[in-house]
1. Quick check on this structure: which one of VAL278, VAL329 is among the β-branched types (Val, Ile, Thr) and in contact with a His (Cβ under 6 Å, 6 or more places away or on another chain)?
2. Being assigned to a helix (DSSP H, G or I), over 18 Å from ARG248 (Cα atoms) and β-branched (Val, Ile, Thr) is the filter here; which residues of the stretch 32-85 pass it?
3. Can you confirm whether the stretch 333-343 contains a residue that is in contact (Cβ under 8 Å) with a residue 40 or more places away in the chain, surrounded by fewer than 14 Cβ atoms within 10 Å (Cβ to Cβ) and part of a loop (DSSP other than H, G, I, E, B)?
4. Which residue out of GLU102, GLU132, GLU110, GLU118 is of a type in the set (Asp, Glu) and touching a strand residue (DSSP E or B) at 6+ places or on another chain (Cβ under 6 Å)?
5. For LEU107, state whether it is at pLDDT 95 or above, crowded, with 16+ Cβ neighbours inside 10 Å, assigned by TED's automatic domain parsing to the domain that holds ALA128 and closer than 15 Å to PHE155 by Cβ.
6. Might you check whether a residue that is in contact (Cβ under 8 Å) with a residue 40 or more places away in the chain, in contact with a Gly (Cβ under 7 Å, 6 or more places away or on another chain) and among the hydroxyl-bearing types (Ser, Thr, Tyr) occurs anywhere in the stretch 355-363?
7. Return the total of residues in the stretch 237-283 being over 21 Å from VAL331 (Cα atoms) and assigned to a helix (DSSP H, G or I).
8. Please give the number of the condition MET200 fails out of (1) in contact (Cβ under 8 Å) with a residue 24 or more places away in the chain; (2) in the same structural domain as SER355 (by TED's automatic domain parsing); (3) hydrophobic (A, V, I, L, M, F, W, C).
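The values are calculated or read from the model by the stated rules, or taken from the named source; none is laboratory data. This one's a predicted model, so the numbers in the text were calculated from it and none came from an experiment. For neighbour counting, all protein chains shown are included, and Cβ atoms are generated from backbone atoms with ideal geometry for every residue, glycine included.
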Amino acid sequence: MRFFGSMLLLPALALASEPVTNAELRSEIDVKLGRVQQFLKAQKLGGVLLTAVANFSWVTAGIADNHIVITSEAGTSSLLIMDDGKKYVVTSNSEMARLLAEDLNGLGYEPREYKWYEDKIVPDRKLALIREIAHGRPIGTDLPYADLRTVGDQFAPLRYPLTDSEAKKYRWLGRNATEAVASVARRIQPGVSEFEMETMASDELMRRGIRPTVLLMGVDDRIFNFKHTTPSAAKLRQYAFVNVCARRWGLVVSTGRFVYFGAPPESLRQRVHASAQVSANLLAHTRPGALAGDLFELARRSYAELGFPGEEQKHHMGGAIGYAEREWVAVPGSRETVREDQAFAWNPFVAGTLSFDTFLVHKDSAENLDLIDDWPVITVQSAGQTFRLPDILVR
């Protein structure tokens, strides 16, 4: 799915609602290339090979996409960025023409091409091209490749602090993905299957130019029995959950909405509020410098205080999001650290309920990217702060 092309960064048919300008995208790319140069210096590398879809999209401000197989996080083309500022696209003759004409047009990447089969035989022509460019300097790679040094884990934190233009794109994505999910929740009727809900959600997202990466549709008992309700032939009676992760510009948003036909039992409402309270407690303490392990412990205490001890043992409660569905998940003892202007998707489960939105964390606040008009909300207090989180839609 290509959202940008032509000689300009924005497509010829771009809508007026596009959240960023060409100048903002150029500035975003400059910031990221600066981070890459700092990384190369710190790692004592002559260059880094970026093949992972997340990094390919990130370093090009989401203009370029090396996806072919949409279920793979390894792209079919690589970007090689050197410590002298030179940039190369290294790919097969099957991919090069399109990349140069569309995705990478105007971004300053020099082509290095090999025949489609030459990276699959010995000698490996792709590797030879990389070595020719490197002139003996050490090269890192975000995905394991040949004998290059794998630095994917060290590279990932470069993606975490979001630029102003990324925040604008994320706000657009959160609102539009949630409106797509809400549209499904408002349209479904008892008797619809989870497979049909999956189809509806995919359609609503892709009509908005958004690609789903996770589609979990649950109804009735399956919501209570399973944490991940991969779609089945089960048909809705009263209670449904539409839950997606979705991508545009490389950024991934998480959003989910519940709908209940009839009057929800009080026990269900109590669990919805408990889940929202755990989420609010996490959000109130997700501030720059906080440690993931401490946030896990906070969730554990919150579950117990709300009458659901041990719930943290049954499923993770989420963590950082961005160019992956989860950049990291909070686990006991983790030293992962919250960054300013980093995105988070906490997803605390409480016995058949889930609070599930995407937030952008600032210095002193957390901004809900998934908040939309005309959807019921729960207002929750934590640590002197107020959070508006999604409630069940009663139909």
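1. Being among the β-branched types (Val, Ile, Thr) and in contact with a His (Cβ under 6 Å, 6 or more places away or on another chain) holds for just one of VAL278, VAL329, which is VAL329.
2. Passing the criteria: only VAL36.
3. Yes - at least one qualifying residue is present in the stretch 333-343.
4. Selected residue: GLU110, the only one of GLU102, GLU132, GLU110, GLU118 that is of a type in the set (Asp, Glu) and touching a strand residue (DSSP E or B) at 6+ places or on another chain (Cβ under 6 Å).
5. Working: at pLDDT 95 or above: yes; crowded, with 16+ Cβ neighbours inside 10 Å: yes; assigned by TED's automatic domain parsing to the domain that holds ALA128: yes; closer than 15 Å to PHE155 by Cβ: no.
It is false that LEU107 is at pLDDT 95 or above, crowded, with 16+ Cβ neighbours inside 10 Å, assigned by TED's automatic domain parsing to the domain that holds ALA128 and closer than 15 Å to PHE155 by Cβ.
6. The answer is yes, given that some residue of the stretch 355-363 is in contact (Cβ under 8 Å) with a residue 40 or more places away in the chain, in contact with a Gly (Cβ under 7 Å, 6 or more places away or on another chain) and among the hydroxyl-bearing types (Ser, Thr, Tyr).
7. Looking only at that region, the number is 8.
8. (1) is the only condition that MET200 fails.
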